[in-house]
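Written out below as structure tokens is the structure these notes cover.
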Amino acid sequence: MARYLKNGIDVEVAVQNSQQVRETVEGILADIGERGDSAVRNLSEKFDNWSPESFRLSDSEIEACISRLDEQTLNDIKFAQEQVKNFARIQRDSMQDVEVETRPGVILGHKNIPMNSVGCYIPGGKYPLVASAHMSVATAKVAGVKRVIACAPPFNGKPNDAIVATMSLAGADEIYCFGGVQAVGAMALGTETIDAVDFIVGPGNAFVAEAKRQLFGRVGIDLLAGPTETLIIADDIGCDPELAAADLLGQAEHGINSPAVLLTNSESFAKATMREVERQLTVLPTAKIAGKAWEDYGQVIVADSYEEMVEVADYIASEHVQVMTKDPDYFLKNMTNYGALFLGRETNVSYGDKVVGTNHTLPTNKAARYTGGLWVGKFIKTCTYQKLTEQASLEIGEYCSRLCALEGFAGHKEQADIRVRRYKEKLGK
């Protein structure tokens, strides 16, 4: 039976939104719905001390942001973005339209249709998350979305040059500098100067997540993303304590409520990794955040076998699962609940977060039990259609008529019967 050498706050309890957050967001969204741009400006002044003449950046402002970046930074952004676009194109090519004759004269099919408009939220208050612009804007454009707008909050009192450049290079049609609930609300509800979108994507804090939850239905959303989660599955053959500790703290630095979990089949390895975590916290520049996350949310679990490790990992259903064992592919073959897998010591979650090409917007709070993360298919609607010949309509109509009668739907039945009568007469049946 699995043993916990270190346990943390119950994540399922900790992630529940407080009543105050819900009420605050509800009030903000109602204000935006009623007052539009005026509400957005008031909120931006209040929360970000930011009130430019226009929240939408002009072409010249965008070009100025790009020009302030050095060549190496621009090349790095372009390299990372191309990896994301390339994998998104591969995924898009895997989605095929279909049309098939399932019975004589019965033609069924589906088309993969991109959404018309998407709003992308890129966090940028504590950390300017440049990579989130690749993951949302670039992926939406590869999917074929006609209008993609992007919002990020000001960073140190102005638009962040790197985020703006990344949005632009990714193909954003409109770029805005404002953040928080006011950005999500403006994109979803629309204002006098911003046309509403059909779909909202992007991570954010508890208020942004709550805004997406309340807006779902009026618009679509990608995920209700909570604090970043990482699960390290390791043994003393595929990993070492120094590597495991670095990978735990590398994700714990996201926030003080970011769970970092070590799952292993070796108690000695587990204890050595815990000691190494404490050592690395003495030198890590972000130790104040990572250390608090590890203290409150860190877990160390020792299982008896690979089979039990899979069972525990599937129960945790972590956003990121990094596997550094003798046989990483065992977990690829047997695990079912995870946002993304990182297999072997040669890779790590940071690669996925920033540059390797898979999307970093992933399910949290056990949502990996029922959904994967953001991908090109999230921006595409798979819509069915049907076509029938007269003879096929006669055959299907007779079945449909009896089934409608079974359910008591007289109007439905007549839809079938009128065709049965007409095609029987026409076809001489």
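Which whole-percent values make up P(r) of the stretch 1-135 when all C-alpha to C-alpha distances are grouped in 5 Å steps starting at zero?
2, 6, 7, 11, 13, 11, 11, 14, 10, 6, 5, 3, 1, 0
Could you compute the FRET efficiency for Lys381 and Asp173, with r as their C-beta to C-beta distance and R0 at 25 Å, rounded to 0.05?
Once the sixth-power term is evaluated, E becomes 0.80.
Within 10 Å of each candidate Cβ there may be at most 12 other Cβ atoms; applying that plus a DSSP loop requirement, which GluC sites (Glu not before Pro) in the stretch 309-410 survive?
Loop-located and lightly packed - Glu346.
I'd like the FRET efficiency for Asp195 and Val98, computed as 1/(1 + (r/R0)^6) with the beta carbon distance as r and R0 of 35 Å, rounded to 0.05.
Plugging the Cβ-Cβ distance into 1/(1 + (r/R0)^6) gives 0.60.
Checking the cross-link filter: which aspartates and glutamates have an alpha carbon closer than 14 Å to that of Lys354, excluding same-chain neighbours under 8 positions apart?
Leaving aside aspartates and glutamates fewer than 8 places away in the same chain, those within reach of Lys354 are Asp76, Glu82.
Pairs of Cα atoms under 8 Å, at least six residues apart: use those to get the relative contact order of the stretch 295-429, whole percent.
This gives 17 percent for the stretch 295-429.
Output the relative contact order of the stretch 15-172, whole-number percent, from Cα pairs under 8 angstrom with separation of 6+ residues.
24
Sort largest first and round to whole Å: the equivalent ellipsoid semi-axes of the chain, each the square root of five times a Cα gyration tensor eigenvalue.
Equivalent-ellipsoid dimensions as semi-axes: 43, 32, 21 Å.
So which trypsin sites (Lys or Arg not before Pro) in the stretch 60-108 end up in coil per DSSP with only 10 or fewer other C-beta atoms within 10 Å?
Sparse-neighbourhood loop trypsin sites (Lys or Arg not before Pro): none present.
Once you've got the Cα coordinates, tell me which of Lys141/Lys378; Lys85/Lys366; Lys212/Lys333; Lys78/Lys141 are over 23 Å apart.
Long pairs (Cα-Cα over 23 Å): Lys85/Lys366; Lys212/Lys333.
For the pair Ile90 and Thr389, what calculated FRET efficiency results from E = 1/(1 + (r/R0)^6), where r is the Cβ-Cβ distance and R0 = 41 Å, to the nearest 0.05?
The computed FRET efficiency comes out at 0.60.
How far apart, in nanometres, would the label points at Thr282 and Ser51 be if each is projected 7 angstrom from Cα along the Cα-to-Cβ direction?
Using points 7 Å along Cα→Cβ, the separation is 5.0 nm.
With N residues in the stretch 311-350, what two-decimal value do you get for its Cα radius of gyration over 2.2 N^0.38 Å?
1.05
What do you get for chymotrypsin sites (Phe, Trp or Tyr not before Pro) in the stretch 358-429 restricted to DSSP loop and a cutoff of at most 10 other Cβ within 10 Å of the site's Cβ?
Sites meeting the loop and neighbour criteria: Tyr370.
Compute log10 of I(q)/I(0) for the stretch 180-321 with the Debye formula, placing one identical point scatterer on every Cα and leaving out solvent, at q = 0.09, 0.12, 0.15, 0.18 Å⁻¹, to two decimals.
Each listed q corresponds, in turn, to -0.38, -0.59, -0.77, -0.93.
Mind checking the per residue accessible area of the chain for me, 1.4 Å probe, whole number of Å²?
48
Once the cut-off is 12 Å, how many percent of the Cα-Cα pairs in the stretch 48-105 end up in the long-distance tail?
Of all Cα-Cα pairs in the stretch 48-105, 80 percent lie more than 12 Å apart.
Mind jotting down the distance between the C-alpha centroids of the stretch 95-135 and the stretch 389-404, whole Å?
When both Cα centres are located, 34 Å separates them.
Roughly speaking, to the nearest percent, how much of the chain's 1.4 Å accessible area is carbon and sulfur?
Looking at the chain in its full context, I get 51 percent from C and S.
Could you name the lysines whose alpha carbon sits less than 26 Å from that of Lys426, not counting residues in the same chain fewer than 8 places away?
Lys387, Lys413
Nearest 500 deg cm²/dmol is fine: what mean residue ellipticity at 222 nm does the chain get from its DSSP H runs of n ≥ 4 alone, each adding -39,500 (n - 2.57), divided by its residue count?
One gets -14000 deg cm²/dmol as the mean residue ellipticity at 222 nm.
Taking the chain as a Gaussian network, Cα atoms linked when under 10 Å apart, which of Lys381, Lys354, Lys333 shows the biggest mean-square fluctuation?
Ranking Lys381, Lys354, Lys333 by mean-square fluctuation puts Lys333 first.
For the residue pair Ser305 and Asn116, what label-to-label distance in nm results when each label sits 7 Å from Cα along the Cα-to-beta-carbon direction?
Taking the two extended label points, one gets 5.7 nm.
At a Cα cut-off below 17 Å, give the lysines reachable from Lys6, other chains included and same-chain residues fewer than 8 away excluded.
Here the lysines satisfying the reach criterion relative to Lys6 are Lys271, Lys292.
Count the DSSP beta bridges whose two residues both fall in the chain, then state the antiparallel fraction as a percent rounded to the nearest 5.
35
The values are calculated or read from the model by the stated rules, or taken from the named source; none is laboratory data. Given the structure is predicted, the values throughout are model-derived calculations rather than measurements. Cβ coordinates were reconstructed from backbone atoms using ideal geometry, including for glycine residues, and neighbour counts include every protein chain displayed. Ligands, DNA and RNA are excluded from the accessible area calculation, which covers all protein heavy atoms including side chains. Shrake-Rupley method; radii C 1.70, N 1.55, O 1.52, S 1.80 Å.
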